[in-house]
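Peer 1: Next up is a structure, given as structure tokens.
The values are calculated or read from the model by the stated rules, or taken from the named source; none is laboratory data. Computed from a predicted model, the values in this text were never measured in an experiment. Using ideal geometry, Cβ is built from the backbone for each residue, glycine included, and neighbour counts are taken over all protein chains shown. Side chains are part of the model used for accessible areas, which takes the heavy atoms of the whole protein and leaves out ligands, DNA and RNA. Shrake-Rupley method; radii C 1.70, N 1.55, O 1.52, S 1.80 Å.
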Amino acid sequence: MREIVLINITGEDRPGLTAAIAGVLAQGGVTVLDIGQAAVHGMLSFGLLVEIPGTDTAAGLLRGVQQVAHELDLQVRFTPVPDAEYRQWVERQDKGRYVVTLLSRKVSAEHLQRVSAVVARHGLNIDRIDRLSARMPLDSEQEALGKGCLEFAVSGDPADLEALRADFFEAAQALDVDIAFQQETVFRRNRRLAVFDMDSTLIEAEVIDELAKAAGVGEKVAAITERAMRGELDFRASFTERLALLKGLPEDVLAGIGASLRLTEGAETLFAELKRLGYKTAILSGGFSYFARQVQQKLGIDYVFANELEIVDGQLTGVAVEPIVDAQRKADLLRELAEREGLQLEQTIAVGDGANDLPMLALAGLGVAFRAKPLVRRSAKQAITTLGLDGVLYLLGYRDRESGR
């Protein structure tokens, strides 16, 4: 008669440990039903759920495991598992699978407590916690720009997904961290197209505001831009109004503004990794193609779709060449690019900061509001506010140690 036993082993990690334990079990023809192993700061936690073919051999095998553990200075515990309990465990494998990603400059015990409390409150179980970020230095100067990321694999069937997301959003706001909640699917680590807004996403400026300063209408245009990004004004109408105020601006001003633009934190790392992983990338911007092509060259971006400034006799006319890249156009372009690349929308990523980015964020398999206004951050399924653009890699499940840099 078979016997099912849970074996828990703890102690200092060392090479050959797993082979030694498995070697004893192999002598009895044991079947491994489940296994998990993790090391934290050199200390091992190793679990095996095994089926031993006959009770007459079980005692001898377990004594053998205990002897090897003793020789390796490890602690071991055996827990018999009744058949009924095992069958219930097998049946639970059909429950939903999700990933919760915690992003912060520095992860604290309070962060861990709040995330795990929300998970528990909604009836989910934490199956695994992994650190995706590199080992954090204690140097105070480096901490300010540090990156901390924990990934929680959770299972269960929450009764109210929207309430769960709302609780995570509230916790993220209170703690000044980002908490992403995604369903675990085959697409999460197998996306192949990433599209980005440009202004205040890939670069640390709204170009139209910089042009307005040069034209002497900076405050007026900046106020309209702010309201449009918050979703208080229709993008197309506000864009037309702002652009009209730039009429007569000399064309040679563009070069100076372009030279002053700075890439957002993490942009170069993100695009280097996406290129290494075989992604196609695109700028889908309500800004201007003159500047988007400069960003394209710096980051090695495949496609650019942005608004073309009309210039006559060396001056801006105050209008843009149709078609205008507005919210709907961005979503349409995302769909078109996915079809062109032979991809499903689930294999796409979209990143932006403004209300005019929301349609493409909703359409993409992974839509990320990056350092966005509160309305946009709340409306998007995922958001990154605390880290740079390379934080997107954590939402894909990539670890810092997997980087090609």
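Peer 1: Of 87, 189, 105, which has the largest mean-square fluctuation in a 10 Å C-alpha GNM of the chain?
Peer 2: 87
Peer 1: Continuing with the same structure: In whole angstrom, how far apart do the alpha carbon centroids of the range 283-353 and the range 130-202 sit?
Peer 2: 27
Peer 1: Once each part is reduced to its C-alpha centroid, what is the distance from the range 208-245 to the range 14-50 in angstrom?
Peer 2: When both Cα centres are located, 62 Å separates them.
Peer 1: Now for a separate question. Using only the alpha-carbon atoms, how far is helix 55-71 inclined from the longest principal axis of the chain? Give it as 0 to 90 degrees, nearest 10.
Peer 2: 70
Peer 1: To continue, here is another question. Of 224, 21, 203, which is the most mobile in a GNM of the chain whose springs link Cα atoms less than 10 angstrom apart?
Peer 2: 21
Peer 1: Note down the net charge around residue 217, summing +1 for each Lys or Arg and -1 for each Asp or Glu among other residues with Cβ under 15 Å from its Cβ.
Peer 2: -2
Peer 1: Determine the order of 227, 121 by accessible area, beginning with the largest, at a probe radius of 1.4 Å.
Peer 2: 121, 227
Peer 1: Given a 1.4 Å probe, how much area per residue of the range 2-91 is accessible, in Å²?
Peer 2: For the range 2-91, the solvent-accessible area averages 58 Å² per residue.
Peer 1: If you don't mind, there's one more thing I want to ask. With n ≥ 4 as the cut-off for DSSP H runs, can you work out [θ] at 222 nm for the chain, using -39500 (n - 2.57) per run divided by the number of residues, rounded to the nearest 500?
Peer 2: -11500 deg cm²/dmol
Peer 1: Hey, any idea what Rg/Rh is for the range 258-323, computing Rh the Kirkwood way over Cα pairs?
Peer 2: 1.05
Peer 1: Over the alpha-carbon set of the range 217-362, divide Rg by the Kirkwood Rh and report the Rg/Rh ratio to two decimals.
Peer 2: 0.97
Peer 1: Report in % the part of the accessible area of the range 97-183 that belongs to carbon and sulfur, leaving out ligands and nucleic acids; probe 1.4 Å.
Peer 2: Percent of accessible area from carbon and sulfur atoms in the range 97-183: 48.
Peer 1: Then there is this: Counting heavy atoms of the protein chains only and a 1.4 Å probe, report the per residue accessible area for the range 191-237 as a whole number of Å².
Peer 2: Normalised by residue count, the accessible surface of the range 191-237 is 40 Å².
Peer 1: Follow-up question, since we're still on this one. With a 1.4 Å probe and every protein chain left in place, tell me how much accessible area residue 276 has, in Å² to the nearest 10.
Peer 2: Around 120 Å² of this residue is reachable by solvent.
Peer 1: Over 25 Å between Cα atoms: which of 275/298; 95/275; 247/373; 147/381 fall into that group?
Peer 2: Checking Cα-Cα distances, 95/275; 247/373 exceed 25 Å.
Peer 1: To the nearest µm²/s, what D does Stokes-Einstein give for the range 175-235 at 4 °C and 1.567 mPa s, using the Kirkwood radius over alpha carbon pairs as Rh?
Peer 2: My calculation gives 87 µm²/s for D.
Peer 1: Restricting things to alpha carbons, tell me how big the range 98-162 is in terms of Rg and Dmax, in Å.
Peer 2: Rg, Dmax (Cα atoms, Å): 13.6, 44.
Peer 1: If I model a spin label as a point 7 Å beyond the Cα along the Cα-Cβ vector, how far apart are those points for residue 157 and residue 183 in nm?
Peer 2: 1.4
Peer 1: Quick one: angle between helix 218-229 and the longest Cα principal axis of the chain, in degrees between 0 and 90, rounded to 10, please.
Peer 2: Once rounded, the angle reads 40 degrees.
Peer 1: Hey, if we sort 351, 217, 40 by accessible area with the 1.4 Å probe, largest down, what's the order?
Peer 2: Of 351, 217, 40, the descending order of accessible area is 40, 217, 351.
Peer 1: Related question: From Cα pairs below 8 angstrom and at least 6 apart in sequence, can you work out the relative contact order of the chain, rounded to a whole percent?
Peer 2: Here the relative contact order equals 15 percent.
Peer 1: Shifting gears a bit: Relative to the first principal axis of the alpha-carbon coordinates of the chain, what is the inclination of helix 267-276, with its axis defined by its Cα atoms, in degrees from 0 to 90 and to the nearest 10?
Peer 2: So the inclination is approximately 60 degrees.
Peer 1: I've got another one for you. In whole percent, how big is the carbon plus sulfur part of the accessible area of the range 2-91, probe 1.4 Å, protein atoms only?
Peer 2: Percent of accessible area from carbon and sulfur atoms in the range 2-91: 53.
Peer 1: Have a look at the DSSP beta bridges in the chain and tell me what percent are antiparallel, nearest 5.
Peer 2: Of all bridge pairs located within the chain, approximately 70 percent are antiparallel.
Peer 1: When each pair of different Cα atoms in the range 2-91 is counted once in the 1/r mean, what is the Kirkwood radius in angstroms, to one decimal?
Peer 2: When all Cα pairs of the range 2-91 are included, the Kirkwood radius is 13.4 Å.
Peer 1: Go ahead and set up a Gaussian network model of the chain, Cα springs under 10 Å, then flag whichever of 259, 331, 58 fluctuates most.
Peer 2: Looking only at 259, 331, 58, the largest GNM fluctuation is found for 58.
Peer 1: Mind grabbing the accessible area of residue 235 for me, 1.4 Å probe, Å², rounded to tens?
Peer 2: Taking all protein chains as shown, residue 235 has close to 20 Å².
Peer 1: Any idea of residue 70's accessible area? Nearest 10 Å², probe 1.4 Å.
Peer 2: 140
Peer 1: Using only Cα atoms, what Kirkwood radius does the range 47-87 have, in angstroms?
Peer 2: Computed over Cα pairs of the range 47-87, the Kirkwood hydrodynamic radius comes out at 11.5 Å.
Peer 1: Can you compute the equivalent ellipsoid semi-axes for the range 149-210, i.e. the square root of 5 times each eigenvalue of the Cα gyration tensor, sorted largest first and rounded to whole Å?
Peer 2: Result for the range 149-210: semi-axes of 29, 19, 11 Å.
Peer 1: What relative contact order, as a whole-number percentage, does the range 2-91 give when Cα pairs under 8 Å and 6 or more residues apart are counted?
Peer 2: Relative CO of the range 2-91 lands at 45 percent.
Peer 1: Let me know the volume per residue of the alpha-carbon convex hull for the chain, in Å³.
Peer 2: 165
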